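What follows is a short report on a single structure.
The values are calculated or read from the model by the stated rules, or taken from the named source; none is laboratory data. Just so it is clear, the structure is predicted and the values come from calculations on it, not from any experiment. Neighbour counts run over all protein chains shown; Cβ positions are idealised from the backbone, glycine included.
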Amino acid sequence: MSAPPYEVYAIRYGTVERRAAENYIGGDPHEAAARMDYFVWLARNDERAVVIDTGFTADSARRRQRDLLIDPAQGLRMLGVDPAEVRDVILTHLHYDHAGNFAAFPEARLHLQESEMAYATGRHMAERFFSHAYEVEEVVAMVRRVYERRVAYHDGEAAVAPGITVHHIGGHTLGLQCVRIWTRLGWLVLASDAAHYYANMEQVRPFPIVLDVGKMVDGYRRLHELAGAPDRIVPGHDPLVMQRYPPARRDLEGMAVRLDERRLG
């Protein structure tokens, strides 16, 4: 790979307590309670900074009873990145916790699978089971970005920048994509919601917010193919991410971790 390797960070901006049964299809309601963490991600080198997902808004946090720990844009600023100067934002999909706040990136091109927009504006949204994780005003705002020529549509696999590629996974939504990033340790895969938790893919226990369970399970295999090693896959919501990787800086402990460092466990 000729591109300079990227530093990669996970910024923990929100959290919520959940029942373990909410995280796995067929989960035992007697399992111990579990937490879900919410992340946005940053990949940067000397040439560029690319943001992956933009998190949920304060309004969404109130309506959905999520704990907003820090504004995602402020989390980026604490890592030295001004959202107003970011040129590329990858949206893994359009669920409320991944595609809010994109107005904070006025100069960015938004990278999205075309099938995700078709899904978010298509017939399935007439059913609460499929639509409840979307915010309609955010979807409408994304349509406006399309008309403003600010959305880069992808169909399957595509290069966003040297050393950063997106890969359609599906399953969770029609147009879910993961992100593969070149680092000093080799390829790193940000699974986003292709695997909410390590246990989803390691134990093949699918997450219950899903369009196609078969494609979700196929996605676990695809993540491993892209990463080449299990410890190069970072799930989208697992609190263990904050334990398995070192803090981005000492003063950011519990808030941001460095993913291009070797795992702590």
Starting from residues that are part of a loop (DSSP other than H, G, I, E, B) and over 19 Å from the mean Cα position of the chain (by Cα), keep the ones in the range 132-181 and report whichever is farthest from residue 55 (Cα to Cα).
-> 162
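Mind telling me which of the residues 55, 156 ends up being in contact with a strand residue (DSSP E or B) (Cβ under 6 Å, 6 or more places away or on another chain) and either more than 29 Å from residue 254 (Cβ to Cβ) or among the aliphatic types (A, V, I, L, M) (or both)?
156
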Among the aromatic types (Phe, Trp, Tyr), touching a residue at least 60 places away in the same chain (Cβ under 8 Å) and farther than 27 Å from residue 182 by Cβ, is that true of residue 96?
-> no
Here the residues within the range 86-116 that are in contact with a strand residue (DSSP E or B) (Cβ under 8 Å, 6 or more places away or on another chain), assigned to a helix (DSSP H, G or I) and farther than 13 Å from residue 168 by Cβ are 97, 98, 102
Taking the range 1-19 only, how many residues are modelled with pLDDT under 95 and aliphatic (A, V, I, L, M)?
-> 2
Options 188, 264; residue that is surrounded by fewer than 17 Cβ atoms within 10 Å (Cβ to Cβ) and either in a strand (DSSP E or B) or in contact with a Phe, Trp or Tyr (Cβ under 7 Å, 6 or more places away or on another chain) (or both) | 264
What's the number of the condition residue 144 fails, among (1) closer than 30 Å to residue 46 by Cα; (2) exposed (fewer than 12 other Cβ atoms within 10 Å of the Cβ)?
-> (1)
Of the residues in the range 20-47, those that are part of a strand (DSSP E or B) and at pLDDT 95 or above come to 36, 37, 38, 39, 40, 41, 42, 43, 44
Within the range 226-242, considering residues that are under 19 Å from the mean Cα position of the chain (by Cα) and either charged (D, E, K, R) or modelled with pLDDT under 95 (or both), the one surrounded by the most Cβ atoms within 10 Å (Cβ to Cβ) = 238
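For the range 23-39, check the following and say yes or no: at least one residue is surrounded by 18 or more Cβ atoms within 10 Å (Cβ to Cβ), touching a Gly at 6+ places or on another chain (Cβ under 6 Å) and under 24 Å from residue 205 (Cα atoms).
Within the range 23-39, one or more residues are surrounded by 18 or more Cβ atoms within 10 Å (Cβ to Cβ), touching a Gly at 6+ places or on another chain (Cβ under 6 Å) and under 24 Å from residue 205 (Cα atoms).
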When residue 166 is run through (1) more than 22 Å from residue 214 (Cα to Cα); (2) in contact (Cβ under 8 Å) with a residue 40 or more places away in the chain; (3) not polar (S, T, N, Q), the failure sits at (1)
Residue pairs meeting the criteria (Cβ under 7 Å; at least 6 apart or on separate chains; first over 16 Å from residue 254 (Cα atoms), in the range 68-85; second surrounded by fewer than 17 Cβ atoms within 10 Å (Cβ to Cβ) and of a type outside the set (Ser, Thr, Tyr)) | 84/106; 84/107; 85/107
Output the residues belonging to the range 191-209 that are surrounded by fewer than 18 Cβ atoms within 10 Å (Cβ to Cβ) and among the hydrophobic types (A, V, I, L, M, F, W, C).
-> 204
